[in-house]
Amino acid sequence: MSLESITNVLVVGVGGQGVVLASNILCEIAARAGFDVKKSEIHGMSQRGGVVTSHVRFGPKVYGSLIASQQTDALLGFEAAESLRFAHEVKPGGAMFASTQKIKPPTGGGLKAAKYPEDALEQAAKICKGTLVPVEAHKIAVELGNARLSNTILLGALSTSLDIDQDIWVETIKKMVPPKTIELNVQAFERGRQVVADFDVAVK
Amino acid sequence: MSSNKVLLFGNEAIAHGAREAGVYFASAYPGTPSTEILEIFSKFPGIYAKWSPNEKVALEVGIGASLTGTRTLVTMKHVGVNVAMDPLMTFTYTGVVGGFVLVSADDPEMHSSQNEQDNRILGKFAKIPILEPSDSQEAHDFTIFGYELSERFSTPVMLRETTRIAHAKGLVELGEWSEPKRGEAFERDTERFVMMPIYARKRHTIVEQRSIDLHRFSNEWEGNRLELADTKVGFITGGIAYQYIKELMPDASFLKIGMPWPFPDQKAKQLAEHVDRVIVVEELEPFLEEEARLAGIACEGKAYFSREGELNLDRVTAGLAKAGIDVPAPPEPVQAGEVLSRPPVLCAGCPHRGINMALKKINADVYGDIGCYTLAALPPLGSLHTCFCMGASIGNAIGSSLAAINPKHGQVAVIGDSTFLHSGLTGLVDLYYSQANATVVIVDNSITAMTGGQHHPATGHDLMGNHAPQVSLERIIEAIGIEHIVTLDTYDYDKALEQLKGAVQYEGPSVVIARQACALFPSKKRPQPYVVLEDCNACAACFRIGCPAIFPSETEFHKKKPKAVIDPDACTGCTLCSQVCPIDVIVPLEQKEVKA
């Protein structure tokens, strides 16, 4: 079996954004699609505001749970500067779906505030060897009436690049979100897919 | 995917395995990356699970349960095993009655630990068999097998996992639950359970024979698996390292180790006979490599792979290339995007902030301990100056104040409530006994916060979700004999500062209980965030408290310096920034609206 048969998805963001939940949903989707799945997470000591990365790998047989450098097929970025930090991990022909949301680190008081890269996604697009699709996930989520929906919007965008039946995505999301929010989440998922469709049209 | 498989973290898999094995009794002290095992196990019906004040007590409690014939699980992080070594080193002599598995959750790379010791060495030191899973399925299976092994050889068993197993998900095929195995009563057996010299000598003989028997068993057990294929190179490897090598070198020969000790030397010899070259791949110490060498096997290992940190595909690829093995070269390193630093900070509303601001203000020498408050060592607070292990702060402060000719500053130990009950009590007895001129500040946030909010004997709740008797810190401290005891509210800054000063200036031992509940457990989200008024003069005093809810404005400036702005979603309304603001322009949202 070759390594090429494994799909590597890297999910990145900041603590509190829902990176862990999104990667859990993705794992369930891949498992329901009949794949072997492994996932590993790295987050720092702080409860909130630290860098969070989640590695999801699926295929006929998966050994390690960590993705090797520059072997990411799809990167899902919840925060612009974090997408920039990991853009080089996308392999040629891969894709990244990057939320335009910006979360600035606390100043650290007497320290000089870290300069936030305002053009993070433009820089990321230059570094990324695949396609970068910016997703105004936060804005769309607020339009839909709940900022927490960014998560599902990003999953919708991601779903366009992975070879898993759309019904499995929708059914799994329905099962894993709070019952009251099922309808909104399905809408959010569709909006995420639409962002990619619109992007593809614009590029052509 | 077959429908009976579920996605589980290694720690979830261990909890399920224990339940399937019929474990009735479980005890632990929380510690990353072990904590979730008991949190999950405690929710199963028909079992008993408890937090103990520290790992030594957890192990002793577990021994008591095993002596009744009850199947028992005890879990802890790697450094917790250091605390529990004393009873473990003698429990290995008496052996078990009910099956006993000790989970040691090691943390290569120190994701959340003060060192990265390799506890396979401690398992061997205690002469107990070690099982090491390499994924969630094995974490489940080896846990169940651990109980058979434990009872068959009358030995405690160490199940050693690492962060990459504990906190990684994989598919697990679960089995049926069996009836929890609970013993009827403790049966006396003086020669076996009273480890005084005349009996301990006899038990030592039994331990040595057991080691020989276990060694034979290790060579037979299918969990130590020979995968004989290509004859050029054979790998001896286990745990997560096996997965990396297997992925990179699927056609190579392997001895996949499930039981690092006793080492299956006969199987290793079979591998060596099959291949031209044996390479050992393992994280941290050359444990398997040394075992293989002791068995007379020519092998290589740490010459190519670091003793530091954890392995991953890149590091293993680099090690194999160094060993001259033909592996696909990794891609050329590329320039990463501009890296934005996101250092860990105390949460918005964290009660440790106020007391550390006060400690910084009085410029005390602060001997720190293990907990969220260790973050106060970092800027902008920078108010904590040592961190060794659980409970070390008090001893450090005593020794320093007794030994130094002329301490420059106040001598203060800072220790959390859970850490104080874990191993600060004996230090405090020593403080009173030695009458050292030091102050112990117990930063009491009424929870074990750093590991995610676990209860302890002073919170009034237990692991099973019941109310529990609540230990009183004040009464313990009084009973020890400490005369100067102050309880303060860390949200009331000026008063807290005066109370702290009083205690530090007091000649002799003093204790400050800095009490305010954790901002997260239970959540302190308040309806009333604070806001900064337009009159802000950009003095930056509020920036220096290091609150992640306060930012420099991007649009509002005073003399070219950014004014402060508070994120209303993050603000918990703790009021500390308002208290340090010299011109009183940080006010509750309601007050601003009135002014407007």
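Annotations for the structure displayed:
- Within 10 Å of each Cβ in A:64-76, the average number of Cβ atoms from other chains: 6
- For segment B:225-361, share of DSSP beta bridges that run antiparallel, in % to the nearest 5: 20
- FRET efficiency for B:Glu273 and B:His558, using Cβ-Cβ distance with R0 set to 56 Å, rounded to 0.05: 0.10
- Each principal axis of chain A carries a Cα extent, and these read 53, 41, 40 Å when sorted largest first.
- Check: segment B:4-140 dipole with +1 on Lys, Arg Cβ and -1 on Asp, Glu Cβ, in debye: 500
- For segment B:297-308, backbone phi angles converted through the Karplus equation (6.51, -1.76, 1.60; θ = phi - 60°) give residue-by-residue couplings of 8, 6, 8, 10, x, 5, 4, 10, 10, 5, 7, 9 Hz, Gly and Pro being listed as x.
- For segment B:123-267, the Cα gyration tensor yields ellipsoid semi-axes of 33, 20, 12 Å (square root of five times each eigenvalue, largest first, whole Å).
- In the protein assembly as shown, a dipole from Cβ-located charges (positive for Lys and Arg, negative for Asp and Glu) runs towards its positive end, and of B:Ser52, B:Pro262, B:Pro522 it is B:Pro522 whose Cα lies farthest in that direction.
- Relative contact order for chain B: 11 percent, from Cα pairs under 8 Å spaced at least 6 residues apart, divided by residue count.
- Estimated buried accessible area (total), pair A and B, 1.4 Å, Å² to nearest 100: 4400
- Computed E for B:Lys361/B:Leu533 - FRET, C-beta separation, R0 22 angstrom, nearest 0.05: 0.30
- Leading residue at positive end of dipole, the protein assembly as shown (Cβ point charges), from B:Val172, B:Ala364, B:Met110: B:Ala364
- Heavy-atom surface analysis with a 1.4 Å probe gives segment B:530-595 a carbon and sulfur content of 52 percent of its accessible area.
- Kirkwood-Stokes translational diffusion coefficient of segment B:352-515, alpha-carbon pairs, 20 °C, 1.002 mPa s, µm²/s: 138
- Relative pair counts by distance (%), Cα atoms of segment B:4-220, 10 Å bins: 9, 37, 38, 14, 2, 0
- The accessible surface of segment B:225-322, taken with every protein chain in place and a 1.4 Å probe, is 47 percent carbon and sulfur.
- Burial ranking of peptide ranges B:168-175, A:181-188 (average Cβ count within 10 Å, highest at the top): B:168-175, A:181-188
- Each peptide in A:135-143, B:420-428, B:193-201, A:193-201 was scored by the mean count of other Cβ atoms within 10 Å over its residues; highest first, the order is B:420-428, A:135-143, A:193-201, B:193-201.
- Three semi-axes of the equivalent ellipsoid, chain B, Cα gyration tensor, whole Å, largest first: 47, 31, 23
- Remark on B:Ile236: its backbone amide H falls under 5 Å from those of B:Leu255, B:Ile279, B:Val280, B:Val281, a criterion applied only to residues 5 or more positions apart or on other chains, H modelled at 1.01 Å from N.
- Take each residue in B:378-386, count the other chain C-beta atoms within 10 Å of its C-beta, and the mean is 2.
- With the highest mean first, a sort of the peptides B:558-567, A:64-73, B:32-41 on other beta-carbon atoms found within 10 angstrom per residue produces B:32-41, A:64-73, B:558-567.
- Under a 5 Å amide H cut-off, with hydrogens placed 1.01 Å from N, B:Gly546 pairs with A:Gly109 among residues at least 5 apart or on other chains.
- Lys/Arg +1, Asp/Glu -1 at C-beta; segment B:225-322 dipole; positive extreme among B:Gly296, B:Val281, B:Ile245: B:Gly296
- With a Förster radius of 30 Å applied to the beta-carbon distance between B:Val334 and B:Arg293, the computed FRET efficiency rounds to 0.15.
- Each residue of segment A:72-87 is assigned a 3J(HN,Hα), and the resulting list reads 7, 7, 9, 10, 10, x, 8, 8, 4, 5, 6, 4, 5, 4, 10, 4 Hz, derived from the Karplus form 6.51 cos²θ - 1.76 cosθ + 1.60 (θ = phi - 60°), x at Gly and Pro.
- Electrostatic dipole magnitude of chain A [Cβ: Lys, Arg +1; Asp, Glu -1; Cα centre; debye, to 20]: 560
- Debye-formula intensities of segment A:91-186, expressed as log10 I(q)/I(0) at q = 0.24 Å⁻¹, are -1.21 (one equal scatterer per alpha-carbon, no solvent).
- For the segment A:30-42, counting C-beta atoms of other chains within 10 Å of every residue's C-beta and taking the mean gives 5.
- Placing unit charges on the Cβ atoms only, positive for Lys and Arg and negative for Asp and Glu, gives chain B a dipole magnitude near 860 debye about its Cα centre.
- Sites listed here are GluC sites (Glu not before Pro) in segment B:207-307 whose DSSP assignment is loop and whose Cβ has at most 10 other Cβ atoms within 10 Å: B:Glu222.
- Near the amide H of A:Gln101, within less than 5 Å, lie the amide hydrogens of A:Ala80, A:Ala137, A:His138, all on another chain or at least 5 residues away, with H placed in the peptide plane.
- Heavy-atom surface of the protein assembly as shown, accessible at 1.4 Å and reported per residue (Å²): 41
- Dividing the C-alpha radius of gyration of the protein assembly as shown by 2.2 N^0.38 Å, with N its residue count, gives 1.00.
- Shape box of segment B:530-595 [Cα atoms, principal axes, largest first, Å]: 28, 27, 21
- Remark: accessible surface ordering of B:Val580, B:Val366 (largest first) is B:Val580, B:Val366, probe radius 1.4 Å.
- Relative to the longest principal axis of the Cα atoms of chain B, the long axis of helix B:265-274 lies at roughly 70 degrees.
- Three semi-axes of the equivalent ellipsoid, segment B:225-322, Cα gyration tensor, whole Å, largest first: 18, 15, 12
- Estimated purely from DSSP H runs of n ≥ 4, each contributing -39500 (n - 2.57), the mean residue ellipticity at 222 nm for chain B is -10500 deg cm²/dmol once divided by its residues.
The values are calculated or read from the model by the stated rules, or taken from the named source; none is laboratory data. Only a predicted model underlies this, so the values are computations on that prediction, with no experimental measurement involved. Note that each Cβ is placed from the backbone with ideal geometry, even for glycine, and that neighbours are counted across all protein chains shown. When the accessible area is computed, the model is the full protein with side chains, heavy atoms only, and any ligands, DNA or RNA have been set aside. Shrake-Rupley method; radii C 1.70, N 1.55, O 1.52, S 1.80 Å.
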